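Engineer: Let me begin by handing over the structure; questions about it come next.
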Amino acid sequence: MRITRRLEFDAGHRIPDHASQCRHLHGHRYAIEITLSGDIIDAAGEAVNGMVMDFGDIKLIARTHVIDRWDHAFLVYRGDSAVVDFLATMPAHKTVVLDTVPTAENLASEAFRILDSCYRDLYGNHLRLERVRLYETPNCWADALRPGE
Ligand SMILES: Nc1nc2c(c(=O)[nH]1)N=C([C@H](O)[C@H](O)COP(=O)(O)OP(=O)(O)OP(=O)(O)O)CN2
Ligand SMILES: [Zn+2]
């Protein structure tokens, strides 16, 4: 069984080498869809009975490890020194420095990398993260899958 939880957040970014508009500082209303697979838990009387994982718990983990860190932050590539240095001049600015340029593909990969170990098989139902889909705009998205799949 596969289940998916969608969350949204706002963030700024730029793609420094982009040939067109995306090299400028701008922002998006991002959406992230987290897909988990696992067996349906058969545990009468337990809060999770009949679920793969409680959607509320999927959200809580995603918020703790990704969403609350990225929401209303500027996502900047470590090598984009002009922007890294500029943001450092702003006291207490919410900046997330990444090892890759903040494309939809790289953000989806980074979210997958962070979240993979966060969704743990606590009920023996073979729970695992299957996919992180990251929408940069309603029309543009990237899917990060487990390596080799
Ligand atoms: N493969 C990728 N291509 C582009 C990315 C990306 O992350 N991966 N990112 C951008 C820009 O960040 C841009 O903000 C989005 O691109 P754009 O094509 O302009 O999307 P829009 O939704 O704004 O375009 P509409 O035509 O208005 O739908 C560029 N490319
Ligand atoms: Zn963009």
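Engineer: Does any residue in region 137-149 that is among the β-branched types (Val, Ile, Thr) come within less than 8 Å, Cβ to Cβ, of a residue that is surrounded by 15 or more Cβ atoms within 10 Å (Cβ to Cβ) six or more places away or on a different chain, and which pairs are these?
Structural biologist: Between residues of region 137-149 that are among the β-branched types (Val, Ile, Thr) and residues that are surrounded by 15 or more Cβ atoms within 10 Å (Cβ to Cβ), the close pairs are Thr137/His28.
Engineer: Can you find a residue that is of a type in the set (Asp, Glu) and surrounded by 15 or more Cβ atoms within 10 Å (Cβ to Cβ) anywhere in region 71-78?
Structural biologist: Checked region 71-78: at least one residue is of a type in the set (Asp, Glu) and surrounded by 15 or more Cβ atoms within 10 Å (Cβ to Cβ).
Engineer: Now for a different question. Taking only region 1-10 into account, find how many residues are surrounded by fewer than 16 Cβ atoms within 10 Å (Cβ to Cβ) and either not acidic (Asp, Glu) or not in a strand (DSSP E or B) (or both).
Structural biologist: As a first pass, look at region 1-10 and keep what is surrounded by fewer than 16 Cβ atoms within 10 Å (Cβ to Cβ): 1-2, 4, 6, 8, 10.
In the following step, the residues that additionally are either not acidic (Asp, Glu) or not in a strand (DSSP E or B) (or both) were identified as 1-2, 4, 6.
Of the residues in region 1-10, 4 are surrounded by fewer than 16 Cβ atoms within 10 Å (Cβ to Cβ) and either not acidic (Asp, Glu) or not in a strand (DSSP E or B) (or both).
Engineer: Continuing with this model, one more query. Which ones in region 1-30 are of a type outside the set (D, E, K, R), farther than 21 Å from Ser117 by Cα and modelled with pLDDT of 95 or more?
Structural biologist: Phe9, Ala11, Gly12, His13, Ile15, His24, Leu25, His26, Gly27, His28, Tyr30
Engineer: Can you go through Asp68, Asp54 and tell me which one is of a type in the set (Asp, Glu) and over 18 Å from Ser117 (Cβ atoms)? Give the derivation first.
Structural biologist: Working: Asp68 fails: over 18 Å from Ser117 (Cβ atoms).
After applying the criteria, what remains is Asp54.
Engineer: Also, quick follow-up: Residues that are of a type in the set (Phe, Trp, Tyr), without any contact (Cβ under 8 Å) to a residue 40 or more places away in the chain and away from ligand 2 (no atom under 16 Å from the Cβ): does region 119-133 have at least one?
Structural biologist: If we filter region 119-133 for residues that are of a type in the set (Phe, Trp, Tyr), which is where we start, we get 119, 123.
Of the ones still in play, those that are also without any contact (Cβ under 8 Å) to a residue 40 or more places away in the chain are none.
Looking through region 119-133, none of the residues is of a type in the set (Phe, Trp, Tyr), without any contact (Cβ under 8 Å) to a residue 40 or more places away in the chain and away from ligand 2 (no atom under 16 Å from the Cβ).
Engineer: Confirm whether Leu122 is among the hydrophobic types (A, V, I, L, M, F, W, C) and either in a strand (DSSP E or B) or within 16 Å of ligand 1 (Cβ to nearest atom) (or both).
Structural biologist: No; evaluated as a whole, the condition is false for this residue.
Engineer: Among Val48, Val101, Val52, Val83, which is among the β-branched types (Val, Ile, Thr) and under 18 Å from the mean Cα position of the chain (by Cα)? Reasoning before the result, please.
Structural biologist: On the way: Val48 fails: under 18 Å from the mean Cα position of the chain (by Cα); Val52 fails: under 18 Å from the mean Cα position of the chain (by Cα); Val83 fails: under 18 Å from the mean Cα position of the chain (by Cα).
Step by step, each of Val48, Val101, Val52, Val83 is checked, and only Val101 is among the β-branched types (Val, Ile, Thr) and under 18 Å from the mean Cα position of the chain (by Cα).
Engineer: Given the criterion away from ligand 1 (no atom under 16 Å from the Cβ) and closer than 17 Å to Glu33 by Cβ, identify the matching residue among Arg69, Arg131.
Structural biologist: That would be Arg131, the only listed residue that is away from ligand 1 (no atom under 16 Å from the Cβ) and closer than 17 Å to Glu33 by Cβ.
Engineer: What are the residues in region 11-32 that are hydroxyl-bearing (Ser, Thr, Tyr) and either in contact with a Pro (Cβ under 9 Å, 6 or more places away or on another chain) or outside any strand (DSSP E or B) (or both), if any?
Structural biologist: Ser20
Engineer: Can you tell me which residue within region 38-64, out of those that are small (Gly, Ala, Ser) and in a helix (DSSP H, G or I), is farthest from ligand 2 (Cβ to nearest atom)? Before the answer, list the steps.
Structural biologist: The initial filter retains those residues of region 38-64 that are small (Gly, Ala, Ser), namely 38, 43-45, 47, 50, 56, 62.
The next check asks that each one be in a helix (DSSP H, G or I); those that pass are 56, 62.
Details: Gly56: 30, Ala62: 21 Å.
Taking the candidates together, the pick is Gly56.
Engineer: Name the residue that is nearest to ligand 2 (Cβ to nearest atom), counting only residues in region 12-31 that are charged (D, E, K, R) and within 29 Å of Arg63 (Cβ to Cβ).
Structural biologist: Arg14
Engineer: Kindly indicate which of Thr100, Thr35 is in a strand (DSSP E or B) and either of a type outside the set (A, V, I, L, M) or surrounded by fewer than 18 Cβ atoms within 10 Å (Cβ to Cβ) (or both).
Structural biologist: Answer to the selection: Thr35.
The values are calculated or read from the model by the stated rules, or taken from the named source; none is laboratory data. Nothing here was measured: the structure is a model prediction, and the numbers come from that model. A quick note on method: Cβ atoms are made from the backbone with ideal geometry, for glycine too, and the neighbour counts reach across all protein chains shown.
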